[in-house]
Amino acid sequence: MPKAKGKNAKMAQEDMVAQHLFHGAHDPGKLAGAIEMRIHPEEREVEYDGAVVLKVQLFNGKCGHKVPTGSVEDRIMWLNVTAKDANGNEYHIPVDKKGFKGEEYTIAADELAYKDIGVAKGIPDFPGVQRDGVPIGDRIFRMPYFDANGVMTIMQWNAKSLGVDYRIGPRETKIETYTWELPEDIPTGKIIFTAKLNYQKLVKPVADYLGVPAKESEIMPINTATTWVEVYD
């Protein structure tokens with residue numbers, strides 16, 4: 001807690017007083033900029049029938065713990081990369097796979113999970129709900145919890161094992177690569193690439209199914225970075 005001049009009681013004299021500025025994972029002011037981020041292309045100019053390769057660096061230089069933290073079985077942080085061409089057309093770009101064990105749980109997919117919600121609610125053969133609820137192909141920074149059947153769970157007390165820990169640790173830099181084959185009809189001119197790092201306190205499909213207040217699954221921005229490439233013929 002940083003100190004500044006002030007009073008810690010009505011009758012006290014002015015002194016250097018500790019300021020209670022740690023508000024945790026629910027405070028937008030604490031989340032904003034928690035992870036530093038940059039994006040850049042390998043080549044600034046690309047032929048119209050070529051491919052763009054992007055690198056995104058994410059650096060945890062501010063938090064003394066892994067991000068996200070706390071109830072990590074509930075929380076999700078993901079990196080979304082998009083492109084906008086010279087005509088204003090927008091494209092979503094999925095992350096390149098790295099090939100590590102358990103990586104499938106760190107890339108958003110059209111998968112069901114959280115089947116043990118059915119046990120808690122007394123629903124036999126409950127199929128589960130959507131695992132991620134974010135754009136398919138986005139990189140997710142998380143540590144999944146698994147129930148006795150090896151299915152992801154948000155019920156910490158029912159977890160029997162842990163999956164790959166792909167959170168961003170203190171002073172750790174993760175580098176994500178995006179390879180995008182240019183569409184055949186891409187116009188020449190400048191393409192703007194935008195990387196957005198987002199966070200939710202609760203996976204939205206779970207929040208929607210359980211009917212919790214919308215604020216618990218609202219998208220909270222962590223950081224944004226942009227870059228550009230010139231397409232020529």
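The values are calculated or read from the model by the stated rules, or taken from the named source; none is laboratory data. All values derive from a computational prediction rather than experimental measurement. Cβ coordinates were reconstructed from backbone atoms using ideal geometry, including for glycine residues, and neighbour counts include every protein chain displayed.
In the range 47-71, the residues that are under 15 Å from TRP228 (Cα atoms) form Cβ pairs under 6 Å with partners that are loosely packed, with under 14 Cβ neighbours inside 10 Å and acidic (Asp, Glu), at six or more places apart or across chains, as follows: TYR48/ASP233; ALA51/GLU181; VAL53/GLU42.
Of the residues making up the range 136-160, those that are in a loop (DSSP other than H, G, I, E, B) and surrounded by 15 or more Cβ atoms within 10 Å (Cβ to Cβ) are GLY137, ASP138, ARG142, MET143, PRO144, ASP147, VAL151, THR153, ILE154, MET155, ALA159. A count restricted to the range 107-124 and to residues that are touching a residue at least 40 places away in the same chain (Cβ under 8 Å) and farther than 17 Å from ALA148 by Cβ stands at 0. For the range 105-128, a residue qualifies if it is crowded, with 19+ Cβ neighbours inside 10 Å, among the hydrophobic types (A, V, I, L, M, F, W, C) and either part of a loop (DSSP other than H, G, I, E, B) or under 19 Å from the mean Cα position of the chain (by Cα) (or both), and the qualifying residues are ILE107, ALA108, ALA113. Output yes when any residue across the range 180-192 is part of a helix (DSSP H, G or I) and touching a residue at least 24 places away in the same chain (Cβ under 8 Å), and no when none is. No: the range 180-192 contains no residue that is part of a helix (DSSP H, G or I) and touching a residue at least 24 places away in the same chain (Cβ under 8 Å).
Restricting GLY64, GLY6 to residues that are assigned by TED's automatic domain parsing to the domain that holds GLY133, modelled with pLDDT under 80 and either on the phi < 0 side of the Ramachandran plot or touching a strand residue (DSSP E or B) at 6+ places or on another chain (Cβ under 8 Å) (or both) narrows the list to GLY64. Just to verify a result, which residue in the range 189-233, among those that are among the small types (Gly, Ala, Ser) and farther than 30 Å from GLY122 by Cβ, is nearest to the chain's Cα centre (by Cα)? Ranking the candidates gives ALA195 first.
Is there a residue being at pLDDT below 95 and either closer than 21 Å to PRO221 by Cα or out of contact with any Asp or Glu (no Cβ under 7 Å at 6 or more places or on another chain) (or both) anywhere in the range 81-90? Can you show your working first?
Within the range 81-90, the subset at pLDDT below 95 is none.
Among the residues of the range 81-90, not one is at pLDDT below 95 and either closer than 21 Å to PRO221 by Cα or out of contact with any Asp or Glu (no Cβ under 7 Å at 6 or more places or on another chain) (or both), which makes the answer no.
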